[in-house]
Amino acid sequence: MRIQDYIHIIDIARAYFLALEKVDEGIWNIQRVMSSNMVKAMVLAAGEGTRLASLTVRTPKVLLPIGGVPLIQQTLAWLKNYSISEIAINLYHLGNKIKDFLGNGSRFGMKVFYSTEETLLGTAGGVKRMEHLFSDTFVVVYGDTLTDFDLGAMIRFHKAKNSLATIAILGVLNPWDVGIVEMNEEGRILNFAEKPPRGSETSNLGSGGVYVLEKAIFKYIPAEGSSDFAYDIFPKLVELALPVYGYVLKPEDYLIDIGTLDKYQKANDDMEAGKVRIRYEEQSGIP
């Protein structure tokens, strides 16, 4: 066989393997999009915002402006970056104002479903009431959380671990004010304590108020009454040795709970300083 023939065979083989790589990449992209499209989210917006004093007497906490844009709109823009387009929101304090602002979500390129609570059901109880909306993996975000971290990476981590519940985790300076976790090297949560007494905390790793959950978690949430993820559900799941993991945010990730006047001011200052890196799609409603 001539040298030219060998070269020709090599060229054919190279073209074949390049084609296979493109097929694999295409399949991976399709799977990624399909996976993202299956994920829905719930934003917990029923809180009264009492720590924000006079700011929330006439304005629900999630409508307070951050950088001139209501917090809930910032949250929806962040979720939309990860192909999440169907959102449930629970309402209690000044809920009609939230509903009037968001409507059905169409002007933000999303679908919004509401759950109005006559009495507060707690974080888990509020999600339980919307169980019918979630048929697969879903995300829960506390309404007073402003963040820009890579939610897609957290969802991939959650699925790789076959986790029932995955909690966004970050180092905190005030462990007595948040849910504190202890984890092993793989990120599995071994202990969860909500707002431990000052001096008794065993870690400075705190919950960031963002969860990725599987539908199976509804089996562990009571059908009636009030229940809370941090006080009731997560400690029970850990006690039962069920797979609960912590996704530790990177140092460059931004996350803050705007629930106090100082933190609300800091969030606005950080937004103005360009420290929050939320990408705004054309249909986010944000200039």
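Here, each number is a calculation from the coordinates, and none is a lab measurement. Computed from a predicted structure; not experimentally measured. Cβ atoms come from the backbone with ideal geometry, glycine included; neighbour counts cover every protein chain shown.
Each part gets one Cα centre, and for the stretch 123-162 versus the stretch 218-260 those centres are 10 Å apart. Just the Cα atoms of the stretch 51-135, one point each, no solvent: what log10 I(q)/I(0) does Debye give at q = 0.20 Å⁻¹? Debye curve over Cα of the stretch 51-135, log10 I(q)/I(0) at q = 0.20 Å⁻¹: -1.05. In this simple spin-label approximation, R277 and L120 carry label points 7 Å from Cα along the Cα→Cβ vector, and these lie 3.5 nm apart. Checking the Cα-Cα distances for K97/K159; K40/K250; K219/K275; K215/K275 against a 32 Å cut-off, the pairs over it are K97/K159; K219/K275; K215/K275. Considering all C-alpha pairs of the stretch 178-287, those separated by over 21 Å amount to 52%. For the stretch 39-281, a crude dipole built from +1 on the beta carbon of Lys and Arg and -1 on the beta carbon of Asp and Glu, taken about the Cα centre, is about 520 debye to the nearest 20. For the stretch 227-273, the fraction of alpha-carbon pairs lying more than 14 Å apart is 67 percent, rounded to a whole number.
Which of rounded, prolate or oblate describes the stretch 39-281 when judged by the alpha-carbon gyration tensor and an a/c cut-off of 1.5? Note, shape of the stretch 39-281 comes out rounded. Across the stretch 84-180, the volume of the C-alpha convex hull divided among the residues equals 143 Å³ per residue. Its alpha carbons give the stretch 162-214 an Rg and a Dmax of 10.9, 34 Å.
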